[in-house]
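Asks: Got a structure for you, questions after.
The values are calculated or read from the model by the stated rules, or taken from the named source; none is laboratory data. Predicted model, so just to flag it, every value in this text is computed and none were measured. We place every Cβ from the backbone using ideal geometry, glycine too, and count neighbours over all the protein chains shown. We work out accessible area using only protein heavy atoms, side chains counted, and drop any ligands, DNA or RNA first. Shrake-Rupley method; radii C 1.70, N 1.55, O 1.52, S 1.80 Å.
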Amino acid sequence: MVEELLNSGRTSVTPASGLGPKRLTEIDVSAEERLPMDNSEFARVLGGGVVPGSLVLIGGDPGIGKSTLLLQVSADVAAGGPVLYVSGEESVAQIKSRALRVSNGAPPPENLYLATETDVDRVIGQIESVEPRLAIIDSIQTLHSADIGSAAGSISQVRECASRLQAVAKSSGVAIFLVGHVTKDGAIAGPRVLEHLVDTVLYLEGDPYHSYRLLRSVKNRYGATTEVGVFKMGTSGMVEVANPSEAFLAERRTDAPGSAIAVTMEGSRPLLVEVQGLTSPTTFGHPRRTANGVDTNRLLIITAVLTRRVGIQLSDQDIFVNVVGGLQVKEPAADLALATAIASSARDRALPPDLALIGEIGLSGELRRVPHLEPRLREAVKLGFSSVVLPKGADLGLDLPSELEGHEVTSLSEALEFALRT
Ligand code: TYD
Ligand code: MG
């Protein structure tokens, strides 16, 4: 139980609308403008760039690279006008040295202002005096308002500070980014408590032991919510990965059993990923099922389908599944690759190196169709795959790449028969 002290009188500012209702026809919208920036991956996830007056929440685990990415974005946007970066966690000297580290030798932008401040009223004062086009608050959990009795980072503080900043963004047209640490500890409010309040929610994800980072949009009032940007954390900051499939398949061993290639969609973009499966006799107790990068329930379902519908004996086997590169694959279209990776390991037989697998698996062992087949197939061809197993009846466009041989199957057992034939 955590004590929450309430507001001592002053209520939070509501967005400055002030006017009565207007007819829809009377409201005039200028063509939606976006702040120019070079970082095209970041701009794409936002739906085309930073919208003036928007409030954007960027969440992620501590240490995943939020400050690094946002400092780079600040320097990028500062090329066209003033940007204010407010940190409650680091000193200006630390931020400057990081800025030099990520700038690749370029001189620091003239228009980037740094401040270390934790009082929300003073932060708002700074926004009013600098008049930036973009302000970054790193992080919302370090801000506090003197009107609220509870400690910085508590739910009431985080909500109050965010709604004050929301009012500033709407009334002044300054775009504001809030950094929010995802916390396991209930004493500090995580970014989820703000999701309803902000215009856009982005999450930066990735396995801390790998260098790839995915910036995923989960809510966006100004663009599609399925967009994903891929970055790589290097020695001088986050670098955009223009061709993620190639990067994720770079270390693949093609002759090893238990490796299958799935073609997933990350937002509007197809991505080829390697799914690995390993079965090993259980030595003690219950057989284990360990999933890394895929949902454990999905693994259990697919294991059951492999056992009952295909007849692969797995009840005395531990099963481990891994998606290479620290990725999380949630799409059902990767089911077939997952099942095939496990079957390939169980039968100790490698798949043909140029084979990609697409399809969702149903409980009766049938292979189901998936959307966006055409971009998936194009991506597979681009990466040199010449053969693909896919669900029957999938509507293949006439302009299907001729380099690709498609094998349409109706069931998992048919797919495995083809994939493990050698
Ligand atoms: P940071 O941006 O501070 O994470 P967050 O703000 O999400 O907590 O990133 C911290 C990690 O990134 C840290 O472990 C060091 C690493 N890093 C690099 O690998 N390369 C770099 O150029 C920078 C600036 C940081
Ligand atoms: Mg940080």
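Asks: Taking the options 368, 347, name whichever one is open to solvent by 20 Å² or more (accessible area, probe 1.4 Å) and within 16 Å of residue 257 (Cα to Cα). Step through it out loud before you land on a result.
Replies: On the way: 368 fails: within 16 Å of residue 257 (Cα to Cα).
One residue alone meets the criteria, 347.
Asks: When the residues of region 212-239 are filtered to those that are outside any strand (DSSP E or B) and near ligand 1 (Cβ under 9 Å from one of its atoms), which remaining residue is most open to solvent (accessible area, probe 1.4 Å)?
Replies: If we filter region 212-239 for residues that are outside any strand (DSSP E or B), which is where we start, we get 221-227, 235-236.
Then drop every residue that is not near ligand 1 (Cβ under 9 Å from one of its atoms), which leaves 235-236.
On the way: 235: 118, 236: 32 Å².
Within region 212-239, the match that is most open to solvent (accessible area, probe 1.4 Å) is 235.
Asks: Still on this structure, I have one more. Does residue 168 qualify as being open to solvent by less than 20 Å² (accessible area, probe 1.4 Å), more than 16 Å from ligand 1 (Cβ to nearest atom) and outside the structural domain of residue 41 (by TED's automatic domain parsing)?
Replies: On the way: open to solvent by less than 20 Å² (accessible area, probe 1.4 Å): yes; more than 16 Å from ligand 1 (Cβ to nearest atom): yes; outside the structural domain of residue 41 (by TED's automatic domain parsing): no.
Here the answer is no, as residue 168 does not meet what is asked.
Asks: Does residue 74 count as part of a helix (DSSP H, G or I) and either over 28 Å from residue 145 (Cβ atoms) or free of Cβ contacts under 8 Å to residues at least 60 places away in the same chain (or both)? Write out each step before concluding.
Replies: Numbers: part of a helix (DSSP H, G or I): yes; either over 28 Å from residue 145 (Cβ atoms) or free of Cβ contacts under 8 Å to residues at least 60 places away in the same chain (or both): no.
Against the criterion (part of a helix (DSSP H, G or I) and either over 28 Å from residue 145 (Cβ atoms) or free of Cβ contacts under 8 Å to residues at least 60 places away in the same chain (or both)), residue 74 does not qualify.
Asks: Which of the residues belonging to region 122-143 are open to solvent by less than 60 Å² (accessible area, probe 1.4 Å) and more than 16 Å from ligand 1 (Cβ to nearest atom)? Let's see the steps before the verdict.
Replies: Within region 122-143, the subset open to solvent by less than 60 Å² (accessible area, probe 1.4 Å) is 123-127, 130, 132, 134-143.
The answer is 123, 124, 125, 126, 127, 130, 132, 134, 135.
Asks: What number of residues within region 51-64 are open to solvent by 10 Å² or more (accessible area, probe 1.4 Å) and within 16 Å of ligand 2 (Cβ to nearest atom)?
Replies: Final tally of qualifying residues: 3.
Asks: On to the next question. Return the residues of region 45-78 that are touching a Pro at 6+ places or on another chain (Cβ under 6 Å) and either more than 14 Å from ligand 1 (Cβ to nearest atom) or under 18 Å from residue 131 (Cβ atoms) (or both); say none if nothing qualifies. Full working, then the answer.
Replies: Quick first cut of region 45-78, residues touching a Pro at 6+ places or on another chain (Cβ under 6 Å) only: 57, 59, 75, 78.
Listed by number, the list holds a single entry, 78.
Asks: Given the criteria more than 18 Å from residue 231 (Cα to Cα) and outside the structural domain of residue 181 (by TED's automatic domain parsing), does residue 29 qualify?
Replies: Details: more than 18 Å from residue 231 (Cα to Cα): yes; outside the structural domain of residue 181 (by TED's automatic domain parsing): yes.
So residue 29 fits the description; yes.
Asks: Regarding region 260-281, can at least one residue be identified that is surrounded by 13 or more Cβ atoms within 10 Å (Cβ to Cβ), of a type in the set (Ser, Thr, Tyr) and either at positive phi or modelled with pLDDT under 90 (or both)?
Replies: no
Asks: Does region 180-190 contain at least one residue that is modelled with pLDDT of 90 or more and crowded, with 19+ Cβ neighbours inside 10 Å?
Replies: Yes, there is a match, as at least one residue in region 180-190 is modelled with pLDDT of 90 or more and crowded, with 19+ Cβ neighbours inside 10 Å.
Asks: Within region 107-159, which residues are in a strand (DSSP E or B) and under 17 Å from residue 198 (Cβ atoms)? Before the answer, list the steps.
Replies: Let us first name the residues in region 107-159 that are in a strand (DSSP E or B), namely 112-116, 119, 134-138, 144, 148.
Within region 107-159, 134, 135, 136, 137, 138 meet the criteria.
Asks: Taking the residues in region 34-50 that are among the small types (Gly, Ala, Ser) and in a loop (DSSP other than H, G, I, E, B) as candidates, determine which candidate is most open to solvent (accessible area, probe 1.4 Å).
Replies: Kept after step one, since they are among the small types (Gly, Ala, Ser), are these residues of region 34-50: 40, 43, 47-49.
Narrowing further to those that are in a loop (DSSP other than H, G, I, E, B): 47-49.
Working: 47: 32, 48: 48, 49: 1 Å².
Among residues in region 34-50 that are among the small types (Gly, Ala, Ser) and in a loop (DSSP other than H, G, I, E, B), the one most open to solvent (accessible area, probe 1.4 Å) is 48.
Asks: Test residue 347 against the criterion of being under 24 Å from residue 421 (Cα atoms) and of a type in the set (D, E, K, R), and give yes or no.
Replies: For residue 347, the condition - under 24 Å from residue 421 (Cα atoms) and of a type in the set (D, E, K, R) - is met.
Asks: Something else about it: Taking the residues in region 91-115 that are buried (at least 18 other Cβ atoms within 10 Å of the Cβ) and within 14 Å of ligand 1 (Cβ to nearest atom) as candidates, determine which candidate is nearest to residue 127 (Cα to Cα).
Replies: 95
Asks: Let me ask something else about it. In region 240-263, what residues are within 29 Å of residue 54 (Cα to Cα) and part of a loop (DSSP other than H, G, I, E, B)?
Replies: Listed by number, the residues that qualify are 241, 242.
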